[in-house]
1. Hey, could you check the range A:8-28 for residues that are hydrophobic (A, V, I, L, M, F, W, C) and surrounded by fewer than 18 Cβ atoms within 10 Å (Cβ to Cβ) and say which is nearest to DNA strand D (Cβ to nearest atom)?
2. May I ask you to list pairs of residues, at least six apart or on different chains, whose Cβ atoms are under 9 Å apart, with the first in the range B:62-74 being closer than 14 Å to B:Gly89 by Cβ and the second being buried (at least 20 other Cβ atoms within 10 Å of the Cβ) and charged (D, E, K, R)?
3. Identify all residues within the range B:40-91 that are more than 16 Å from DNA strand D (Cβ to nearest atom), within 16 Å of B:Glu120 (Cα to Cα) and of a type in the set (Asp, Glu); write none if there are none.
4. Please enumerate the residues belonging to the range A:28-80 that are within 14 Å of DNA strand C (Cβ to nearest atom), small (Gly, Ala, Ser) and outside any helix (DSSP H, G or I).
5. Go over the candidates A:Met40, A:Met71 one by one and state the one that is aliphatic (A, V, I, L, M) and under 11 Å from the mean Cα position of the chain (by Cα).
There are 2 protein chains.
Amino acid sequence: MDKPLNVRMTKQRLAILKATKSSKCHPTANEVYLMVRTKMPNISLGTVYRNLEVLAEKGLIRRLGPYDDKMRFDGDISDHHHVKCVFCGRIDDVELKEKPEIEGSVPCLPGYKIISYGIEFEGICPECQKKGH
Amino acid sequence: MDKPLNVRMTKQRLAILKATKSSKCHPTANEVYLMVRTKMPNISLGTVYRNLEVLAEKGLIRRLGPYDDKMRFDGDISDHHHVKCVFCGRIDDVELKEKPEIEGSVPCLPGYKIISYGIEFEGICPECQKKGH
DNA sequence: ATAACTGCAAATGATTTGCGATCGG
DNA sequence: CCGATCGCAAATCATTTGCAGTTAT
């Protein structure tokens, strides 16, 4: 009833998708905006927000967080988790050696049907460790 | 330099702590405000925010989320996780039968020193299942 | 042709903050 | 006493939205 029936590939949407896919730092909406703006100076921040929403809805990118009040986006759709550095705030990827046995160890849910779960890590990044943290 | 040296137990702070502890629904700041207001009609929302911050900092309560743009608070400090119903948005507790083997299966961190991790579940609550979801 | 999309600018809404008055230790 | 805290109101800031003009299909 409320989703668009046809999704069009506008040049703005394509640019936003490519910028997000090419970024390795899990950008915020504003960071995507700044990236796209270098090639398309008239694009508006509202358009970036609307397209990131559509692209995430279509499964072409992933929404992360919010971290520190800001939503982030990831062009990498593969199954992986994330760590946030508590000092500098950067987000990095985490590949688990083996999928932890979550399903089997969740019997105490109060009648919920589980759809998904995510593991969020917090830690200190290599750079901040060097700086004495 | 920036944390208060002495923490005073004002009647507002105590009321906020008790309200949060007695609530079983992981209230938002505004919900805590409404609860406390019934006993202390002149309390301000700003005071609630400031005190929830202090109480969480001191480890007397836990900050959750944000879920749907709103931070939530939990008077239960014990080690447990949470499920969010994707339809009605309520948050329930999850007790894992056994602590999943996370530590041993995280070798691929890019040099991070891990401080903590959390598991966030999404699912459909019993009530929403009954309603056909 | 026409519904989806855009840029712009204003609105929203949770949270934060400055300030002068008040209170706890 | 005096610095921590309060109530109030205004400010902040990420995100959303209304609208009139534009574009993809």
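Bear in mind these aren't lab numbers, they're just calculated from the coordinates by the rules spelled out. Note that the structure is a prediction, hence the values are computed from the model and not measured. Cβ: placed from backbone, ideal geometry, glycine included. Neighbour counts: every protein chain shown.
1. Here is the first cut: in the range A:8-28, the ones hydrophobic (A, V, I, L, M, F, W, C) are A:9, A:14-17, A:19, A:25.
Still in the running and surrounded by fewer than 18 Cβ atoms within 10 Å (Cβ to Cβ): A:9, A:14, A:25.
Values: A:Met9: 4, A:Leu14: 9, A:Cys25: 15 Å.
Filtering first and then ranking leaves A:Met9.
2. Between residues of the range B:62-74 that are closer than 14 Å to B:Gly89 by Cβ and residues that are buried (at least 20 other Cβ atoms within 10 Å of the Cβ) and charged (D, E, K, R), the close pairs are B:Leu64/B:Arg72; B:Leu64/B:Asp74; B:Gly65/B:Arg72; B:Gly65/B:Lys84; B:Pro66/B:Arg72; B:Tyr67/B:Lys84; B:Asp68/B:Lys84.
3. B:Asp74, B:Asp79
4. Selection gives A:Ser44, A:Gly65.
5. Values: A:Met40 fails: under 11 Å from the mean Cα position of the chain (by Cα).
A:Met71 is the lone residue from the list that is aliphatic (A, V, I, L, M) and under 11 Å from the mean Cα position of the chain (by Cα).
Each row is one residue, and each column tells you yes or no for (1) surrounded by fewer than 16 Cβ atoms within 10 Å (Cβ to Cβ); (2) more than 14 Å from every other protein chain (Cβ to nearest Cβ); (3) not charged (D, E, K, R).
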{"site": "A:Asn6", "(1), (2), (3)": "yes, yes, yes"}
{"site": "A:Thr38", "(1), (2), (3)": "yes, yes, yes"}
{"site": "A:Ile43", "(1), (2), (3)": "no, yes, yes"}
{"site": "A:Gly59", "(1), (2), (3)": "yes, yes, yes"}
{"site": "A:Arg63", "(1), (2), (3)": "yes, no, no"}
{"site": "A:Met71", "(1), (2), (3)": "no, no, yes"}
{"site": "A:Val83", "(1), (2), (3)": "no, no, yes"}
{"site": "A:Val86", "(1), (2), (3)": "yes, no, yes"}
